[in-house]
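One structure is given below, encoded as C-alpha cells.
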Amino acid sequence: KGCEELADHRVILLTDGLANKGVTDAKQIASDSKKYNERGIDLSTIGVGRDFNRDLLAGLATAGRGLFHFVADDADIQKVFVQEAQSLVGIVAREMEVVLRHGPGIEVTRVYGYHPQMNERGFSAQLENSNYGMTGVMLVKFRCRNFEERATVASKVRVQLRYKDAATGRRVTLDQRTRFLDPRRTDNTTDHEVRKNFTIAVMGRAMRGMAESAKSSRYGEAERKVARALEFFEQNYAGTDDEDLLQNSRILKKYRKILSARIERFRRL
C-alpha cells in the first residue's frame, strides 16, 4: 500500500550500494527496482563513502528516470539536499549520449571516468540523466602520430550530445564545443573547469597507480607517483580554496605520509 501511495513521486536513496542483507545480487536489485518504476515511482540515488557501488547506483537512477550523485562528506550531503534540492528532482534530459568522431592522424588513448564504446574513429558514451543547471565535463586524452598534427587536433574532432527532452519526449542532437589542453602547459588562460577536472583526473590516476604499486610492495614507486601528482597540483593550484581540489590533495598527502613512513621503516631494517 505504501508503494501505491508513492505513485508519481520520486524516491531519493542514500546508500553505499553494498548489499549485505536480503537480496544481494545487483542484477536482481535492479530488476526489482524496475517494478516500482513501472508504477510511476522515479528513483534518484546518492552514493556515500569511498567504496560505494557506482555501477549499481547509477544503473538504478537511470532505470528510475532519476539522477545519480556522489557525496564524500557531510558538506556534500548538505549541498545535495539543501542547496540543490530543486535541481535534484528537475530532470530535463534523459537517455543522454556523447558521440565523438575524429579524423586521421590522431587517436583516443583514454576517456576519464566513463566506459565508452570505442571504434577506429572515436567513441560513444552513455551519461546519467541531466537536471536543471547541471554542468558536465568529459576529459579525453589524444595521441598525435606526429608533431605537425598537434596544431590541427581541434579541427579534426567533432563532439555531439544526444538526448531525449524530458518534457516533450523529442530527440535532440547538439554539437558541443571542445577545448584542448596541453598537459605540459597549464596556466591561468586555460579554461578553469578544464584545468580543474584535468588536475583531479591526474590525482585520481596517481591514486590508482599508487594502489597498484603498493599492492606489489613497490612503495618507492608508489610514493613517486603520488609526489608527481602533488607537484602537478601545486604548480597549477597553489593557494587555491577550491574544496574539490583540496580534498583530493589532502588524500594524496595522507597516502604520501604513510608511504614515506613505510619506506623509512624498510631502510632501518
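Bear in mind that the values in this text are calculations on the coordinates, not laboratory data. Since the structure is predicted, the reported quantities are computational estimates derived from the model, not experimental observations. Cβ sites come from the backbone with ideal geometry, for glycine too, and all protein chains shown count toward neighbours.
Using a cut-off of 14 Å between beta-carbons, work out the net charge of the residues near V98 (Lys and Arg +1, Asp and Glu -1, V98 not included).
Charge balance near V98 sits at 0.
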Links that overshoot a 20 Å alpha carbon limit, given the list K225/K254; K141/K253; K225/K257:
K141/K253
Relative pair counts by distance (%), Cα atoms of region 17-63, 10 Å bins:
27, 56, 17, 1
